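> Provided herewith is a single structure, encoded as structure tokens, for subsequent inquiry.
The values are calculated or read from the model by the stated rules, or taken from the named source; none is laboratory data. Source: prediction; values computed, not measured. So basically every Cβ, Gly included, is an ideal-geometry build from the backbone, and we count neighbours across all protein chains shown. Remember, those area values only see protein heavy atoms, side chains included, never the ligands or the DNA or RNA. Shrake-Rupley method; radii C 1.70, N 1.55, O 1.52, S 1.80 Å.
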Number of protein chains: 2
Amino acid sequence: MRAVAVVSAGMTAFGELWQSSLRDLFGDAAAAALRGVDAMRVDSIYVGNMAGGQFVGQEHLGPLLADQLGLRGVPATRVESACASGGAALRCGFLEVASGASDMVLVAGVEKMTDGADVTAVLATAADQEQEVYQGVTFPGLYAMIARAHMHTRGTTEEDLHWVSVKNHRHGALNPKAQFRREVSLHDVASSSLVAAPLRLLHCSPVSDGAAAVLLVPLERAREFTDKPVRIRGSGMASSSLTLAERADPAVLDAVRASGERAYRMAGITPRDVQLAEVHDCFSIAEICVLEALDLTAGVSAAEAARTGYSALGGERPINTSGGLKSKGHPVGATGVAQVIEIFEQLRGEAGARQVQGASLGVTQNMGGSGASSVVHVLERV
Amino acid sequence: MRAVAVVSAGMTAFGELWQSSLRDLFGDAAAAALRGVDAMRVDSIYVGNMAGGQFVGQEHLGPLLADQLGLRGVPATRVESACASGGAALRCGFLEVASGASDMVLVAGVEKMTDGADVTAVLATAADQEQEVYQGVTFPGLYAMIARAHMHTRGTTEEDLHWVSVKNHRHGALNPKAQFRREVSLHDVASSSLVAAPLRLLHCSPVSDGAAAVLLVPLERAREFTDKPVRIRGSGMASSSLTLAERADPAVLDAVRASGERAYRMAGITPRDVQLAEVHDCFSIAEICVLEALDLTAGVSAAEAARTGYSALGGERPINTSGGLKSKGHPVGATGVAQVIEIFEQLRGEAGARQVQGASLGVTQNMGGSGASSVVHVLERV
């Protein structure tokens, strides 16, 4: 396999972007990623998108978006793995460059969620329709069950959940692209309305519009494009049962664990080597479960990592310096690519007020459903 | 890039399969493809599916279907490019094996279309919502315009269209998996009801349920699985404008042409080397346009290829020996994979009454929308 590098990136701000259509969002992010590049050299495009058909009545996004960029003719494929669609698209692009079939692949993620669809119902099509949704459960309920299980078996408290949100909003307040650029207090979180007990509004990521894009090339050619390429050193993906009830322990995200192990193995690293990570905090409990599954809190309790500052900017291993899904926003198809952009900027020393000093190796983890799919990438400054 | 081979295949019959759910269909096809194989060796799964979210309320098919096979944990990604979803999924699987990242990839396509959704409206989400569907046009109308343009510039007649249907039903009558296993006469086609002039009911592929699956491995290991591997010698994909009106000539399928040229180039062949092909006859006019775009009727008119027997079983270059989408059926996400299965069986000498004697090299062409995406594969007996 050829070594693969990310050489540029672009993203829209995330938020309720009522003035922008899906194709506008994609075009803005992709054009930013292609700035200064001869776009005619793009060999292939992958678009991560969960539910364009349901959200805005538009499937077949590959050719639509290639054309939007003026790249009519270029192969363009949409990839879907629910909220892990962006990570899955990145993996396809990585494999295409690694194979030698293509020398320049644009990977984008996009979602337009605020155009009037019943968002909770659309998102629920990522859960098992026959075994879960038909019974009336949607994702806040599923993650509430995960939280209850975690509290029951590990003694995790509601305050542990609050701290994840407080930390991520603190990070997001420093991110000009974040949907919520403001801090929230422990009291704000604790007194926000209950959505599905024990999860409160400020434990939940928002409904968002947005797009993100990165450009991949063989590492050996990366310096034609930038002085600061970032290598994709490892890529791992895994699945689990779509139905939460079929897992041995609802609070153990086995697909996250397997995808992390595969990515670490391909990269030839251990969790100890990871300096920072963007993980899938669709609900605050998810960040805690993911840190455990990726073994990223050696020596401390994952539930206490936010409270103690371990996972905060300035701490031993900053997690979700972008603000995470909670504060940055969660346009579902875009999230996996936006995570990569945060690590890309951190490793290049371009993260501004959020900069983790000396960062040279980071990880992204993107998840679909209640953890039924997970994609992990290991990124390294070269 | 490593050479890649198809070593086994499985598919359901196509039809209105009201007793089977989407996961049943997938499970049946995939289990048939995995018969005699240690399924625990599957490294990755790709699922081509156009609109599970809209047809049956289920996105996130990757993990759902991996679990259905007892392969919980295996990476599983859904790929969508409208009616070219199956071909696009095959391309992703091909690239993953070619890259060296995986040694066994299951590629499946599935669609469940008869569960009550408004099929024409769902399919229309593969056209441009803003520029086409909002104006009231759906695919029969778009292909009718393609037919009119073809008649206008090339003198193609309605009878030319009829002959494509007559030929494909003659082939499909020999295919135990076909939805319509019966011949139709020229008079049947000419007197069938008008759908969108000049297209009649018997120029249109049907609404179908079905699934198809193939197993890919590196060519160098193929003989561990079969004495008759089939190599994927070329893979090409291309896009065009989603909107038909933006193309220079509506009857010229430029994405088909580009995808064919790319696949021929990778395979190191010319159209003259192609002995048989499965092409995307969603409407009869499409077969004629595709044969032109792929340059598969050297010396004869593509419009007359069916009438003269050139493209019939026993002719110089049999096209759609499976019965094509018209007679075999068109469960949209499954079609691209089912095309590969027909060529796979032909090259192995296992096509029964449809066998093309001495077939050693064939092509598949799978298309999305009114030709906005196209995927071509070149398959060879080794």
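> Could you tell me how many of the residues in segment A:295-320 are among the acidic types (D, E), farther than 18 Å from A:T153 by Cα and outside any loop (DSSP other than H, G, I, E, B)? Spell out how you get there, then give the answer.
So the first thing to find is which residues in segment A:295-320 are among the acidic types (D, E), and the list is A:295, A:304, A:316.
Going one step further and asking which of them are farther than 18 Å from A:T153 by Cα, we end up with A:316.
Narrowing further to those that are outside any loop (DSSP other than H, G, I, E, B): none.
Residues meeting the conditions: 0.
> Here's a follow-up. So for segment B:80-97 (the condition being farther than 30 Å from A:Q58 by Cα and open to solvent by 10 Å² or more (accessible area, probe 1.4 Å)), does at least one residue qualify? Working first, answer last.
Step one: list which residues in segment B:80-97 are farther than 30 Å from A:Q58 by Cα, which gives B:97.
Among the residues that remain, those that are also open to solvent by 10 Å² or more (accessible area, probe 1.4 Å) are: none.
Within segment B:80-97, not a single residue is farther than 30 Å from A:Q58 by Cα and open to solvent by 10 Å² or more (accessible area, probe 1.4 Å).
> How many of the residues in segment B:50-65 are touching a residue at least 60 places away in the same chain (Cβ under 8 Å) and buried (at least 24 other Cβ atoms within 10 Å of the Cβ)? Write out each step before concluding.
So in segment B:50-65, the residues touching a residue at least 60 places away in the same chain (Cβ under 8 Å) come out as B:50-52, B:54-56.
Filter once more, keeping what is buried (at least 24 other Cβ atoms within 10 Å of the Cβ): B:50-52, B:55.
The qualifying residues number 4.
> Here's something else I'd like to know. Write out, first by first residue and then by second, each pair whose Cβ atoms fall under 9 Å of each other, whose residues are 6+ apart or on separate chains, and whose first residue, in segment B:87-104, is at positive phi while the second is part of a helix (DSSP H, G or I).
Close Cβ pairs (under 9 Å, with a partner that is part of a helix (DSSP H, G or I)) amount to B:G100/A:A98; B:G100/A:S99.
> Next up: Give segment A:339-349 a look and list any residue that's buried (at least 24 other Cβ atoms within 10 Å of the Cβ) and in contact with a Lys or Arg (Cβ under 7 Å, 6 or more places away or on another chain), or say none.
A:L347 - this is the single residue of segment A:339-349 that is buried (at least 24 other Cβ atoms within 10 Å of the Cβ) and in contact with a Lys or Arg (Cβ under 7 Å, 6 or more places away or on another chain).
> More than 12 Å from chain A (Cβ to nearest Cβ) and open to solvent by 20 Å² or more (accessible area, probe 1.4 Å): does that describe B:T138? Before you say what the answer is, go through the steps one by one.
Values: more than 12 Å from chain A (Cβ to nearest Cβ): yes; open to solvent by 20 Å² or more (accessible area, probe 1.4 Å): yes.
It is true that B:T138 is more than 12 Å from chain A (Cβ to nearest Cβ) and open to solvent by 20 Å² or more (accessible area, probe 1.4 Å).
> Considering each residue of segment B:141-176, count those that are away from chain A (no Cβ under 14 Å) and under 30 Å from A:S21 (Cβ atoms), and give that number.
Going through segment B:141-176 one residue at a time, the tally reaches 6.
> Has segment A:347-362 got any residue that is touching a helix residue (DSSP H, G or I) at 6+ places or on another chain (Cβ under 9 Å), in contact (Cβ under 8 Å) with a residue 60 or more places away in the chain, within 14 Å of another protein chain (Cβ to nearest Cβ) and not in a loop (DSSP other than H, G, I, E, B)?
no
> Hey, B:R91 hits all of (1) over 24 Å from the mean Cα position of the chain (by Cα); (2) at pLDDT 95 or above but one; which does it fall short on?
(1)
> So, in segment A:244-275, how many residues would count as being touching a helix residue (DSSP H, G or I) at 6+ places or on another chain (Cβ under 6 Å), hydrophobic (A, V, I, L, M, F, W, C) and under 15 Å from A:L291 (Cβ atoms)? I'd like the intermediate steps shown before the answer.
Filtering segment A:244-275 down to residues touching a helix residue (DSSP H, G or I) at 6+ places or on another chain (Cβ under 6 Å) leaves A:244, A:250-251, A:253, A:256-257.
Subset that is hydrophobic (A, V, I, L, M, F, W, C): A:244, A:251, A:253, A:256.
When the remaining residues are screened for being under 15 Å from A:L291 (Cβ atoms), the result is A:251, A:253, A:256.
Count: 3.
> Taking A:A5 as meeting all but one of (1) of a type in the set (A, V, I, L, M, F, W, C); (2) in a strand (DSSP E or B); (3) open to solvent by 40 Å² or more (accessible area, probe 1.4 Å), write down the number of the exception.
Result: A:A5 fails condition (3) only.
> Okay, moving on. In the set A:L194, A:L142, A:L219, A:L161, which member is among the aliphatic types (A, V, I, L, M), out of contact with any Phe, Trp or Tyr (no Cβ under 7 Å at 6 or more places or on another chain), more than 17 Å from A:Q339 (Cβ to Cβ) and free of Cβ contacts under 8 Å to residues at least 24 places away in the same chain?
Working: A:L142 fails: free of Cβ contacts under 8 Å to residues at least 24 places away in the same chain; A:L219 fails: free of Cβ contacts under 8 Å to residues at least 24 places away in the same chain; A:L161 fails: free of Cβ contacts under 8 Å to residues at least 24 places away in the same chain.
Answer to the selection: A:L194.
> Determine which member of the set B:R257, B:R247, B:R272 is within 14 Å of chain A (Cβ to nearest Cβ) and more than 17 Å from the chain's Cα centre (by Cα). Can you show your working first?
Numbers: B:R257 fails: more than 17 Å from the chain's Cα centre (by Cα); B:R272 fails: within 14 Å of chain A (Cβ to nearest Cβ).
It is B:R247.
> If you go through segment B:181-209 one residue at a time, how many are in contact with a Pro (Cβ under 7 Å, 6 or more places away or on another chain) and either over 22 Å from B:F55 (Cα atoms) or among the aromatic types (F, W, Y) (or both)? Let's see the steps before the verdict.
Applying the first criterion (in contact with a Pro (Cβ under 7 Å, 6 or more places away or on another chain)) to segment B:181-209 yields B:195-196, B:199, B:204, B:208-209.
Pick out the ones that are also either over 22 Å from B:F55 (Cα atoms) or among the aromatic types (F, W, Y) (or both) and you get B:195-196, B:199.
Here the count works out to 3.
> Can you name every one of the strands (runs of 3 or more DSSP E) wholly within segment A:203-291 that holds 1 or more residues which are open to solvent by 60 Å² or more (accessible area, probe 1.4 Å)? Full working, then the answer.
Working: elements: A:209-218, A:230-239, A:276-278.
In segment A:203-291, the matching strands (runs of 3 or more DSSP E) lie at A:230-239.
> Check B:G358, B:G371, B:G309, B:G352 and return the single one that is open to solvent by 10 Å² or more (accessible area, probe 1.4 Å), modelled with pLDDT of 95 or more and under 24 Å from B:G210 (Cα atoms).
B:G352
> Is at least one residue of segment B:294-315 within 14 Å of chain A (Cβ to nearest Cβ) and touching a helix residue (DSSP H, G or I) at 6+ places or on another chain (Cβ under 9 Å)? Spell out the reasoning first.
Residues of segment B:294-315 that are within 14 Å of chain A (Cβ to nearest Cβ), as a first pass: none.
Looking for residues that are within 14 Å of chain A (Cβ to nearest Cβ) and touching a helix residue (DSSP H, G or I) at 6+ places or on another chain (Cβ under 9 Å), one finds none in segment B:294-315, hence no.
> Quick one: in segment A:82-129, which of the residues that are outside any helix (DSSP H, G or I) and within 8 Å of chain B (Cβ to nearest Cβ) is farthest from A:Q54 (Cα to Cα)? First the steps, then the outcome.
Going through segment A:82-129, the residues outside any helix (DSSP H, G or I) turn out to be A:82-84, A:100-118, A:127-129.
Checking the rest, the ones that are also within 8 Å of chain B (Cβ to nearest Cβ) come to A:82, A:100-101, A:127-129.
Values: A:A82: 12, A:G100: 35, A:A101: 33, A:A127: 15, A:D128: 17, A:Q129: 15 Å.
Going through the qualifying residues, I end up with A:G100.
> Please verify whether segment B:114-132 includes one or more residues that are of a type outside the set (S, T, Y), without any contact (Cβ under 8 Å) to a residue 24 or more places away in the chain and open to solvent by less than 10 Å² (accessible area, probe 1.4 Å).
Within segment B:114-132 (the criterion being of a type outside the set (S, T, Y), without any contact (Cβ under 8 Å) to a residue 24 or more places away in the chain and open to solvent by less than 10 Å² (accessible area, probe 1.4 Å)), the answer is yes, since at least one residue qualifies.
> Filter segment B:145-158 down to residues that are aliphatic (A, V, I, L, M) and either assigned to a loop (DSSP other than H, G, I, E, B) or free of Cβ contacts under 8 Å to residues at least 24 places away in the same chain (or both), then give me how many there are. Quick ask: steps written out before the conclusion?
Filtering segment B:145-158 for residues aliphatic (A, V, I, L, M) gives B:145-147, B:149, B:151.
Filter once more, so that each one left must be either assigned to a loop (DSSP other than H, G, I, E, B) or free of Cβ contacts under 8 Å to residues at least 24 places away in the same chain (or both): none.
Number of matching residues: 0.
> Still on this structure: Out of A:D38, A:D43, I need the residue that is touching a residue at least 40 places away in the same chain (Cβ under 8 Å) and surrounded by fewer than 21 Cβ atoms within 10 Å (Cβ to Cβ). Which one? Lay out the reasoning, then the answer.
Numbers: A:D38 fails: touching a residue at least 40 places away in the same chain (Cβ under 8 Å).
Result of the check over A:D38, A:D43: A:D43.
> Specify the residue that is farthest from B:L64 (Cα to Cα); the eligible residues are those in segment A:46-81 that are facing chain B (nearest Cβ under 8 Å) and assigned to a strand (DSSP E or B).
The extreme case among them is A:A76.
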